[in-house]
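Scroll down for the structure; my scribbles are underneath it.
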Amino acid sequence: MKEMKAEPELKEVAEAIGRALEMDPEGIRENTVFTEDLYADSFDMAMILTEADETFGTMLPTELAETLITVRDLMDAIRMYRDLPAPEKPVRWFSGREY
């Protein structure tokens, strides 16, 4: 049976969000709503996902941004994607061009 990795701590997630949005993470809680409390738009959500990927070693799909409502949702997604095997090639920000 595969062992699940530990849940990301709120402090680490809040700090990642703070870096992505260039804000103080102190007031970020599990029930913080991205759009209403942090005024995050789609670009901000992409930045949050990228920062989470870099912080937690995940590859969160860009489409996930549309489904995340609260910080708790992001924490759950990080935990879930930590347990998946990493893709062989990067899947984000690929133009399809061969160089």
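None of the figures in this text is laboratory data; all of them are computed from the coordinates on show. What you are looking at is a predicted structure, and each value in this text was computed from that prediction instead of being measured. No Cβ is skipped: glycine too gets one built from the backbone with ideal geometry, and neighbour counts run over all protein chains shown.
Listing for the model above:
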quantity: Chymotrypsin sites (Phe, Trp or Tyr not before Pro) lying in DSSP loop within the stretch 1-79, provided at most 14 other Cβ fall within 10 Å; calculated: TYR39
quantity: Label-reachable residues, the stretch 29-58, where backbone N falls under 12 Å from a point 7 Å from THR70's Cα toward its Cβ; calculated: 29-34
